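> I am attaching a structure below and will ask some questions about it afterwards.
The values are calculated or read from the model by the stated rules, or taken from the named source; none is laboratory data. The structure displayed is predicted, hence computed values, not measured ones. Methodologically, a virtual Cβ is constructed for each residue, glycine included, from the backbone with ideal geometry; neighbour enumeration extends over all protein chains shown.
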Amino acid sequence: MAHVRVIATGLACLAVACAPASSAAPTEPSPDALATALTPQQPPEYYVDQANKYFDTLDISADPDSAPSYSILVARWELPPWLWLTGYGRENMELTTDLAVSFEPSTVPTRDCRAFSVQPFARCYVSFDYEQGDCPIYEEFVFNDQGEITFIEAWSDQPGLLPMSDPNDRWAEGPDVQRLSTRVPGLGNELGLIDLDSEAMLQAASEDPELADFVRRARNFWGSWLEASDEAGPDYYARGCGWLE
């Protein structure tokens, strides 16, 4: 339909004088911009493919060489009953993902991943298959302009645990969705790099308890991970996956 828009613009210019195109350079997102400042730089299929490659890393039946493109400071935030910050930094993300599969082998046979024109650019409903049973999850992926994943956020697909309260808002597009990814300063710059010590981060964290908790955990990843594991208790998989009677 692009040619239709071009024709329409030309006809409008015959009726009124068209203003000359602006020569001003596009405004670059600030270093502390939010993820919503970015627009997709890749086709929709790319974001869906990257999301699926991420789930391949958690699927023991998938191609072991299938992996997504991570930002150097990628973060994974998994809401309770999961363990909050479960990956921070590219190498750490790969390590913690490998550990998760080693301790709880899984396949991910059921996947419905879709691309969106606003962040998070990829959103998925999946079901992990563990020895104990299926585990339905809703997960979102934020990207930078290079097409690298910068932030992953996950929720149990169980009543009361999803980020949206409207049952008709299946893909979390409404105004009342509770997600952290769009409140993290830095994810909206070209590289989507988080700076835990930036002025914008410190200011935002002072006003946002969940963001402040993210910063605290990111400063001491392994210590906070062990803390979260102890607090979650031995049955958090059963609660998160809906296995409890």
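> I'd like to verify a number: residues in the range 106-137 that are out of contact with any Leu (no Cβ under 8 Å at 6 or more places or on another chain) and more than 17 Å from Glu45 (Cβ to Cβ), how many?
Total meeting the criteria: 16.
> Is there a residue in the range 21-36 that is at pLDDT 95 or above, surrounded by fewer than 21 Cβ atoms within 10 Å (Cβ to Cβ) and touching a strand residue (DSSP E or B) at 6+ places or on another chain (Cβ under 9 Å)?
No, the range 21-36 contains no residue that is at pLDDT 95 or above, surrounded by fewer than 21 Cβ atoms within 10 Å (Cβ to Cβ) and touching a strand residue (DSSP E or B) at 6+ places or on another chain (Cβ under 9 Å).
> Moving to a separate point now. Which condition number does Glu207 fail, the rest of (1) under 25 Å from Asn52 (Cα atoms); (2) at pLDDT 95 or above; (3) surrounded by fewer than 19 Cβ atoms within 10 Å (Cβ to Cβ) being met?
(1)
> Please go through the range 185-240 and pick out each residue that is in contact with a strand residue (DSSP E or B) (Cβ under 8 Å, 6 or more places away or on another chain), among the hydrophobic types (A, V, I, L, M, F, W, C) and closer than 25 Å to Thr39 by Cα.
Within the range 185-240, Leu187, Leu191, Leu193, Ile194, Phe214 qualify.
> For the range 176-218, what are the residues that are under 20 Å from Glu139 (Cβ atoms) and not in a loop (DSSP other than H, G, I, E, B)?
Ser181, Thr182, Arg183, Glu210, Leu211, Asp213, Phe214, Arg217, Ala218 - these are the residues of the range 176-218 that are under 20 Å from Glu139 (Cβ atoms) and not in a loop (DSSP other than H, G, I, E, B).
> Could you look through the range 219-245, keep only residues that are assigned to a loop (DSSP other than H, G, I, E, B) and over 22 Å from the mean Cα position of the chain (by Cα), and pick out the one that is surrounded by the fewest Cβ atoms within 10 Å (Cβ to Cβ)?
Glu245
> A further question follows. Of all residues in the range 142-191 being buried (at least 19 other Cβ atoms within 10 Å of the Cβ) and of a type in the set (Phe, Trp, Tyr), which is nearest to the chain's Cα centre (by Cα)?
Among them, the one singled out is Phe151.
> Can you tell me which residue is surrounded by the fewest Cβ atoms within 10 Å (Cβ to Cβ) among those in the range 192-204 that are without any contact (Cβ under 8 Å) to a residue 40 or more places away in the chain and farther than 13 Å from Ala75 by Cβ?
Looking at residues that are without any contact (Cβ under 8 Å) to a residue 40 or more places away in the chain and farther than 13 Å from Ala75 by Cβ, I get Asp197.
> Which condition number does Trp82 fail, the rest of (1) at pLDDT 95 or above; (2) out of contact with any strand residue (DSSP E or B) (no Cβ under 7 Å at 6 or more places or on another chain) being met?
(2)
> For Ser102, indicate whether it is in a strand (DSSP E or B), closer than 24 Å to Gly233 by Cα and hydroxyl-bearing (Ser, Thr, Tyr).
For Ser102, the condition - in a strand (DSSP E or B), closer than 24 Å to Gly233 by Cα and hydroxyl-bearing (Ser, Thr, Tyr) - is not met.
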